[in-house]
Every structure is written in structure tokens, then in C-alpha cells.
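Notes follow once the structure below has been shown.
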Amino acid sequence: MSLNEVVITRAIIDRFMQKLSDYAEVDTAIVGGGPAGLVAAYFLAKAGKKTALFERKLSIGGGMWGGGMMFNEIVVQEEGKEVLDHFGVSSMKYQEGYYTADAVEAVSTICSRAVQAGAKVFNCISVEDVIVKEGAVRGLVVNWSPVEMAGLHVDPLSIEAKAIIDSTGHDTEVLSLIARKADITLNTESGGIMGERSMWADKAEQLTLEHTREICPGVYAAGMAANAAYGGPRMGPIFGGMLLSGKKAAELILSSK
Ligand code: 48F
């Protein structure tokens, strides 16, 4: 049988359009495909929630691919290792309480498990706004990342979601939009974004988990975005807090009404 270019083209268009159309309404929309977002996507999809993850870049994995300073190894503590074990990511003890894992194995395995659990990943799509009705966030406003990069004047499309996770990392992009444009008070000390503080790995790892919360109705902060929103320090290339934060965000959503 000879292959036909038009059939290949139609197969891609049909399948993608169906997927995007199906996921225009979801239970949970996750913004950012770093470690926190991917882990949350896995646990939500596994529990039967219709889950879409939007990632600006072509590649999923956020800051985990590069380990620390492009040395592609990550460090996790005891609790973080348990999450890696759950996914089947191999790790090695470095010394008491410190484990290392291959960053590429960690990203690719967690991503693969999330997709196999049923989460749909939409890469090359940036979240540029939120839907707000009657004072509450109801969904996301999305556009192709190349449209944003080229500064093209192209209107976006919208995704309705019962719950949203901001796992956009240091930039807290969704929460910043909400604080700036939606007249919604975040449940932080200032009511807005507190901003990330300088490095303190131990404190940051604890605080990341504490700061993983519903930050305004229906919107959850996870990963580094949670710490930055609540004014916590950064932690550098120790990733246990990110993995545990993604898990906690999923658990909070699953236990909410
Ligand atoms: O930065 P990132 O990996 O976030 P994380 O899961 O993990 C943080 C760590 O990587 C590291 C750290 C400590 O361990 O401090 O930095 O909290 O992944 C965030 C992802 O969100 C995407 C971005 O491209 C990245 O892959 N992203 C950011 N803004 C948007 C977005 C947006 N507006 N729309 C879509 N994706």
C-alpha cells in the first residue's frame, strides 16, 4: 500500500480537532507541564477526572530536564523518593536523606504515566488570560505560543474548567493574571502575589507543600508557583517539593465537593 500525504494530513487534523473539541470543557485544567503539573495531571486523570494540561513550550518537563545548571541529575529527599518510586523512576542514595535520579528518566517517565492515565497534554499552547464570570474564575483563555512569540494580533480560544491549577513555576502566570485583571483577592497575606524570595532549600521545600492550596475559589497553586505566590524562598534543583506539591494539589481537588 502506498502512503498518501492527504490521508496523513487529514488523520492529524481530524484527531487533533476532536481532542481539542472534547477538552474545551474539562474537570481540571492544569497550566504548566513542569514536575508539579505533570504529577497533578497523573493523579487527577488516574482518579477519573477529565484533565487537560497546557504547556507553552514544545517540550513538557519545565525545569526538570536540566537538573541543576544543566547537569541533568535531580536530587530528592526521602518523601520525594517515594513519589519517584510510585512512578517507577529509579533513584540512587547519595547519602542519608538525599537521593539522585536521572532528570531525563524522571521527566519522560512521569509524563508518560500521566498521558497513559488519561491526561491530555496540549503543548505549544500558552494561557494568556482566564474566563471570569460573577467574580469567579471559570476557565482559561488560550492561544498558540508562536502567536504570542510573534506578537500576532490573533484572538484566543477558551477552555471551561471546574478547577484550575497554576503550575507555571517561578512566573506564577495564571495567578498574576487573576490578581491583575480579575478583581479577585487571593488568600495570601497581601491578597495578591507575594513574590519569590532568595534561596533556602530546606525551608522552601516545606513551604512549597504548605503553600499548595486553593488560592481563590476553584484555582489551586502548585509547585514553585505556590511558593512564589505566597512569598516563599526558592529551593534550586531539589525536586521532592515539586512532586509532592503536584500530588497534594490533585488530592485537594479530588477531596473538594
Ligand atoms: O518551571 P517548572 O518546571 O515549574 P514547577 O513544576 O517546577 C519548578 C522546578 O522546575 C524548578 C524549581 C525547583 O525544583 O524551582 O524551577 O513548579 O514548569 C513550569 C512550566 O509552565 C510553563 C513553562 O513553559 C514550564 O514548562 N508555563 C509557564 N507559563 C505558562 C506555561 C503559560 N502561561 N501557559 C502555558 N504554560
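A few points about this structure:
- Table column - 3J(HN,Hα) (Hz), region 175-188, Karplus curve with 6.51, -1.76, 1.60, x for Gly and Pro: 5, 5, 4, 4, 5, 7, 10, 9, 6, 10, 8, 7, 7, 9
- Spatial separation of Cα centroids for region 100-147 and region 17-36, in angstrom: 6 Å
- Computed from the Cβ-Cβ distance with R0 of 22 Å, the FRET efficiency linking Leu157 to Leu254 stands at 0.20.
- Globularity index of the chain is 1.00 (Cα radius of gyration / 2.2 N^0.38 Å, N = number of residues).
- Residues of the chain: accessible area per residue with a 1.4 Å probe, Å²: 51 Å²
- Annotation: region 1-89 has a Kirkwood hydrodynamic radius of 15.8 angstrom, from the mean reciprocal C-alpha pair distance.
- Relative intensity, log₁₀ I(q)/I(0), of region 18-160 from a Debye sum that treats every alpha carbon as a point, q = 0.09, 0.17, 0.18 Å⁻¹: -0.32, -0.94, -1.01
- Taking the accessible area of region 50-181, probe 1.4 Å, and keeping the other protein chains in place, the carbon and sulfur fraction comes to 55%.
- Once both labels are positioned 7 Å from their Cα atoms along Cα-to-Cβ, the gap between Lys57 and His170 label points is 1.2 nm.
- Cα centroid separation - region 75-94 against region 171-189, whole Å: 33 Å
- Difference of contour (0.36 nm per residue) and Cα-Cα distance, Leu3 to Ser108: 34.7 nm
- A crude spin-label estimate for the pair Asn187 and Phe71, with each label 7 Å from Cα along the Cβ direction, gives 4.0 nm.
- Computed [θ] at 222 nm, deg cm²/dmol, the chain (DSSP H ≥ 4; -39,500 (n - 2.57); rounded to nearest 500): -12000 deg cm²/dmol
- DSSP bridge orientation in the chain - percent antiparallel, rounded to nearest 5: 55 percent
The values are calculated or read from the model by the stated rules, or taken from the named source; none is laboratory data. Worth saying up front: this structure is predicted, and the values here are computed from it rather than measured. Neighbour counts run over all protein chains shown; Cβ positions are idealised from the backbone, glycine included. Each accessible area value is taken on the protein alone, full model and side chains, heavy atoms only, with ligands, DNA and RNA left out. Shrake-Rupley method; radii C 1.70, N 1.55, O 1.52, S 1.80 Å.
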